[in-house]
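Structure record follows, encoded as structure tokens.
The values are calculated or read from the model by the stated rules, or taken from the named source; none is laboratory data. Computed from a predicted model, the values in this text were never measured in an experiment. Cβ placement follows ideal geometry from the backbone for every residue including glycine, while neighbour counts extend to all protein chains displayed.
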């Protein structure tokens, strides 16, 4: 994929302003507890029409390859595409401002109530819900691989290397990424 951030085709909607980029990602950051990716697609493609479905997929593919969180990278990329560096900053700040304030507020509240057994039970329940969300997302990612045994093998190797053997992410990705590209190119022929 030889795209720069501005080479994607225009979606049907108008070019967003800095304020709209900030506000769009602020709203996304505030409502996306547990994972923003499905909500980001809906907001950027279906609701605001800043990107076409194909543009979103292409841009997300680029953002997944970059280090950092996918939706954080996406906020920077979308802002950069429409408004350059100021847009990238607006998207990033919009995405992290709301959740940062919520986390800081909850941290202050927790510091004052951490010895309360009800609060401890609350956080134990939140941890269980977060684990459930993680398992749910893993299943959603794995389901499309059920008919692709080599892709499932690469995913399994990644899991074993990182989660079980505790190998560092970067070297694992440096080995598995070229291997998966090779396998995908062989299957496409």
Count of residues meeting criterion [surrounded by fewer than 11 Cβ atoms within 10 Å (Cβ to Cβ), closer than 18 Å to residue 135 by Cα and at pLDDT below 90] in segment 151-175: 1
The one condition in (1) at pLDDT 95 or above; (2) outside any helix (DSSP H, G or I) that residue 15 fails to fulfil: (1)
Candidates 61, 24, filtered to the one that is within 17 Å of the chain's Cα centre (by Cα), in a helix (DSSP H, G or I) and crowded, with 16+ Cβ neighbours inside 10 Å: 24
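Taking residue 74 as the residue in question, decide whether it is closer than 26 Å to residue 38 by Cβ and either touching a strand residue (DSSP E or B) at 6+ places or on another chain (Cβ under 6 Å) or loosely packed, with under 10 Cβ neighbours inside 10 Å (or both). Spell out how you get there, then give the answer.
Values: closer than 26 Å to residue 38 by Cβ: yes; either touching a strand residue (DSSP E or B) at 6+ places or on another chain (Cβ under 6 Å) or loosely packed, with under 10 Cβ neighbours inside 10 Å (or both): no.
Criteria not met by residue 74.
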Of all residues in segment 33-44 being crowded, with 19+ Cβ neighbours inside 10 Å and modelled with pLDDT under 90, the one that is nearest to residue 134 (Cα to Cα): 36
Pair list, Cβ under 8 Å, 6 or more apart: segment 116-137 residue on the phi < 0 side of the Ramachandran plot, other residue surrounded by 10 or more Cβ atoms within 10 Å (Cβ to Cβ) and modelled with pLDDT of 80 or more: 119/110; 119/113; 120/114; 123/110
Boolean, residue 91 is touching a helix residue (DSSP H, G or I) at 6+ places or on another chain (Cβ under 8 Å) and closer than 18 Å to residue 32 by Cβ: yes
